[in-house]
Amino acid sequence: MNKFILKGNIIYSKNENEINFYEASYLVVKDGKSQGVYNRIPEEFINYEIIDFEDKIIMPGLVDLHIHAPQYNFRGMGLDLELLDWLNTYTFKAEAKFKDLSYAKRSYKRFVDYIRRGPNTRFAIFATLHLDPTIILMDMMEESGLVSFIGKVNMDRNGGAELEEKDADESIKTTISWLDKIKGKYKNTYPIITPRFIPSCSDELLNKLRKVKNEYKLPIQSHLSENLGEIDWVKDLVPKSDFYGEAYELFDLFGKENKTIMAHCVYSNDKEQKLMKDNGVFIAHCPDSNTNLTSGIAPAGKYLRNGQKIGLGSDIAGGVHSSIFKAMADAIKVSKLRYRLVDESIKPLSIEEAFYMATLGGGEFFGKVGSFEKDYEFDAIVIDDSYLLEEDELTLRQRLERIIYISEDRDVVSKFVRGERLF
Ligand code: GUN
Ligand code: FE
């Protein structure tokens, strides 16, 4: 039975507007779950082993709600293009290479080593349309100790000669054999239905994916309202839909009993926002990607304050860093520009709001994740920010702000996932 106590400065989100700060306190863990934070060790835990992290900061592991594993290799390239040109010029070519199993192994190993080292503990990941390479990625993620949803991507149109499944039947056949091959194989790695986006998936494919997700009771991830050219194209492709989100809704691939993540939502109109809210769809806000690909600025503050489910995504390789600390800083920065230049009715995101999205907001997709309240799954990172302290006395809130803006992966000196210590 694993039980222990971490000692240090403990920080976690209370709600969208408040953060709990506990100096020199004790965080009790039993069987992979938090038992709460205390300023003195309660009698019942007195014989637990104590790991003393001294003046370091302990906070929940961060959640990346949207990342493309095969895009790790070409980060920082082609970002002078907008979405559709970037996909056709760089992304689809890069993903097509994963057909080669030994290339996939080498590449995914580098990807997994990279994200294991950083501050994130949970991930919703797009693989490629290839079956065995997707299983290799799942094996490696399981081995890493991190927790993830991973999707074999479905795409039966507009991928060009290199990255397209022959037809809907072939796409579904591959998806089912993928699901059957991994059944019961993992503890921390879960499949997720992943139609790439509407332009990649025929009506027939979406209709058949609906049946698969019902039969296997699976969550769903995709892209939504990211780029203006993309949105116009979706109108042509699915003329029955009144707005982009409705194109997924027509095929019952938009939340409700199947948890769903939609990445970007830069241009979601009122009807789309309402449907996302009614259906409990999670928004993955990806500010770095939305900037790099000149997509726009999603009104994340509005979504959050309206009670939408929302977390942050790195969207590698639209975004270039996996660290969700960087996504928090980027989210705050672009919200300030949006406020100043576009719409003064939506106040910039606060530190509290960004921290909430990075932990509890995204964590909810995984269950009781993203907090140290009792019974939450215990994911934690320990940050050594001593080099940022110098002579000054800083409050824990000031230290958190500096970590969000300045910290590097190497400052994560220890990491726990579901109660297991990774390093
Ligand atoms: N829309 C469809 N595919 C992609 C992708 O790989 N990245 C981003 N940012 N948007 C997409
Ligand atoms: Fe994406």
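The values are calculated or read from the model by the stated rules, or taken from the named source; none is laboratory data. These figures come from a predicted structure and were not determined experimentally. Heads up, the Cβs are rebuilt from the backbone with ideal geometry, glycines too, and the neighbour counts pull from every protein chain shown. These area figures cover heavy atoms from the full protein model, side chains too; ligands, DNA and RNA do not enter into them. Shrake-Rupley method; radii C 1.70, N 1.55, O 1.52, S 1.80 Å.
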Check: Can you pull out the residues in region 200-233 that are closer than 25 Å to residue 294 by Cβ and surrounded by fewer than 20 Cβ atoms within 10 Å (Cβ to Cβ)?
Finding: 228, 229, 231, 232, 233
Check: In region 349-361, which residues are surrounded by fewer than 19 Cβ atoms within 10 Å (Cβ to Cβ) and assigned to a loop (DSSP other than H, G, I, E, B)?
Finding: 350
Note to self: Please pick out the residue among 310, 346, 297 that is under 22 Å from residue 272 (Cβ atoms), at pLDDT 95 or above and open to solvent by 30 Å² or more (accessible area, probe 1.4 Å).
What the structure shows: 297
Next item on the list: Those residues that are free of Cβ contacts under 8 Å to residues at least 24 places away in the same chain and within 25 Å of residue 379 (Cα to Cα), I need them from region 184-226; list them, please.
Entry: 184
Notebook entry, point to check: Residue check: is residue 315 within 16 Å of ligand 2 (Cβ to nearest atom), open to solvent by 20 Å² or more (accessible area, probe 1.4 Å) and either in contact (Cβ under 8 Å) with a residue 24 or more places away in the chain or touching a Ser or Thr at 6+ places or on another chain (Cβ under 6 Å) (or both)?
Noted result: no
Notebook entry, point to check: Within the group 270, 288, 315, which residue is farther than 15 Å from residue 65 by Cβ and out of contact with any Pro (no Cβ under 6 Å at 6 or more places or on another chain)?
Noted result: 270
Checklist line | Residue list for region 269-291, restricted to those being open to solvent by 10 Å² or more (accessible area, probe 1.4 Å), in contact with a strand residue (DSSP E or B) (Cβ under 7 Å, 6 or more places away or on another chain) and within 16 Å of ligand 1 (Cβ to nearest atom) | finding: 288
Check: For region 73-96, which residues satisfy the criterion of being assigned to a helix (DSSP H, G or I) and either at pLDDT below 95 or open to solvent by 40 Å² or more (accessible area, probe 1.4 Å) (or both)?
Finding: 73, 84, 85, 88, 89, 90, 93
Notebook entry, point to check: If residue 149 passes every condition in (1) open to solvent by 20 Å² or more (accessible area, probe 1.4 Å); (2) closer than 30 Å to residue 369 by Cα; (3) more than 16 Å from ligand 2 (Cβ to nearest atom) but one, which one does it miss?
Noted result: (3)
Note to self: Residues to consider are 171, 148, 202, 144; find the one that is within 15 Å of the chain's Cα centre (by Cα), modelled with pLDDT of 95 or more and small (Gly, Ala, Ser).
What the structure shows: 148
Note to self: Quick test of your reading of the structure: residue 230 fulfils all but one of (1) of a type outside the set (A, V, I, L, M, F, W, C); (2) touching a Pro at 6+ places or on another chain (Cβ under 9 Å); (3) within 20 Å of residue 108 (Cβ to Cβ). Name the failing condition by number.
What the structure shows: (3)
Note to self: I need the full set of residues from region 153-181 which are among the hydrophobic types (A, V, I, L, M, F, W, C) and open to solvent by 60 Å² or more (accessible area, probe 1.4 Å), in order please.
What the structure shows: 161
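Would you point out the residue of region 55-72, among those that are away from ligand 2 (no atom under 16 Å from the Cβ) and surrounded by fewer than 24 Cβ atoms within 10 Å (Cβ to Cβ), that is nearest to residue 124 (Cα to Cα)?
Initial filter on region 55-72 (away from ligand 2 (no atom under 16 Å from the Cβ)): 55-62.
Checking which are surrounded by fewer than 24 Cβ atoms within 10 Å (Cβ to Cβ) leaves us with 55-57.
Numbers: 55: 32, 56: 28, 57: 26 Å.
Among them, the one singled out is 57.
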Note to self: assigned to a loop (DSSP other than H, G, I, E, B), in contact with a helix residue (DSSP H, G or I) (Cβ under 6 Å, 6 or more places away or on another chain), under 25 Å from residue 92 (Cβ atoms) and of a type outside the set (A, V, I, L, M, F, W, C): is that true of residue 165 in this structure?
What the structure shows: yes
Next item on the list: Determine whether residue 249 is among the acidic types (Asp, Glu), more than 15 Å from ligand 2 (Cβ to nearest atom) and in contact (Cβ under 8 Å) with a residue 40 or more places away in the chain.
Entry: no
Checklist line | Residue within region 362-372 that is out of contact with any strand residue (DSSP E or B) (no Cβ under 9 Å at 6 or more places or on another chain), buried (at least 21 other Cβ atoms within 10 Å of the Cβ) and assigned to a loop (DSSP other than H, G, I, E, B) present | finding: no
Item checked: Candidate set from region 35-87 (those that are touching a residue at least 24 places away in the same chain (Cβ under 8 Å) and on the phi > 0 side of the Ramachandran plot); member that is farthest from ligand 1 (Cβ to nearest atom) -> 54
Next item on the list: May I ask you to verify whether residue 110 is more than 30 Å from residue 231 (Cβ to Cβ) and open to solvent by 50 Å² or more (accessible area, probe 1.4 Å)?
Entry: yes
Check: Does residue 102 qualify as being polar (S, T, N, Q), in a helix (DSSP H, G or I) and either over 19 Å from the mean Cα position of the chain (by Cα) or farther than 30 Å from residue 237 by Cα (or both)?
Finding: yes
